[in-house]
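To start, the structure itself, in structure tokens.
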Amino acid sequence: MPRKRRLKSGDRVQCSFLGSICDGIILEETNPWSWKIKCDNGTILPNVKWYTKPDKKNKKQPWYIHDYLGRDETSKSEIDKDIKQNTSKKNELDSAIKKQKDFIRGKHGK
């Protein structure tokens, strides 16, 4: 996939750490152009940037991002789709509330 300019939390990337290449997930954005990544082997890499060719001004980084792999489709909350709405009628609720009040006052079973 082509290089993506802005990465978000949850994006999958291919990164390099001291010569070994691994896949990882973006945990958070530390700066506008650097991210915290958790590799699949459990290593957490701080301040990871896109790979740039080293020159005299720019020292070679020990870790960097090679490629954008896509986004995992993980939802923040799982909502049950079998929720029935308006399952009880108002008069049933009123009688249940009355029974609870009677029980609290000690008038249960009379």
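In what order do PHE17, PHE103 fall by count of nearby beta-carbon atoms within 10 Å, going from fewest to most? Could the numbers behind the result be given before it?
Working: PHE17 17, PHE103 11.
So the residues, fewest neighbours to most, are PHE103, PHE17.
Quote to one decimal, in nm, the extra length available between GLN100 and TRP33 on full extension: 0.36 nm per residue of separation minus the C-alpha distance between them. Numbers along the way, then the final one.
Working: separation 67, 0.36 × 67 = 24.12 nm, distance 5.89 nm.
Between GLN100 and TRP33, full extension yields 18.2 nm more.
Want the number for ASP67 to LYS53: 0.36 nm per residue separation, take away the alpha-carbon distance, what's left?
Working: separation 14, 0.36 × 14 = 5.04 nm, distance 1.47 nm.
Taking 0.36 nm per residue and subtracting the Cα distance, the gain is 3.6 nm.
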Residue-ordered couplings for the stretch 101-106, obtained by feeding phi - 60° into the Karplus form 6.51 cos²θ - 1.76 cosθ + 1.60 and rounding to whole Hz (Gly and Pro as x), are 5, 5, 5, 5, 7, x
Listed with the fewest Cβ neighbours within 10 Å leading, CYS39, CYS15 appear as CYS39, CYS15
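Would you list ASP67, ASP102, ASP11 from fewest to most Cβ contacts within 10 Å? Display every interim value, and only then the final one.
Numbers: ASP67 16, ASP102 13, ASP11 19.
The most exposed by this proxy come first: ASP102, ASP67, ASP11.
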What the 5 Å binned alpha carbon P(r) of the stretch 11-71 shows, as percent of pairs per bin from 0, is 4, 21, 32, 25, 12, 5, 1
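Just subtract the alpha-carbon distance of CYS22 and SER88 from 0.36 nm times their residue separation and send over the number in nm, one decimal. Don't skip to the answer; put the middle values down first.
Numbers: separation 66, 0.36 × 66 = 23.76 nm, distance 5.37 nm.
That pair, CYS22 and SER88, stretches by 18.4 nm at full extension.
Just so you know, all these numbers are worked out from the coordinates, no wet-lab data involved. The structure displayed is predicted, hence computed values, not measured ones. As a convention, Cβ positions derive from the backbone with ideal geometry for all residues, glycine included, and neighbour counts pool all protein chains shown.
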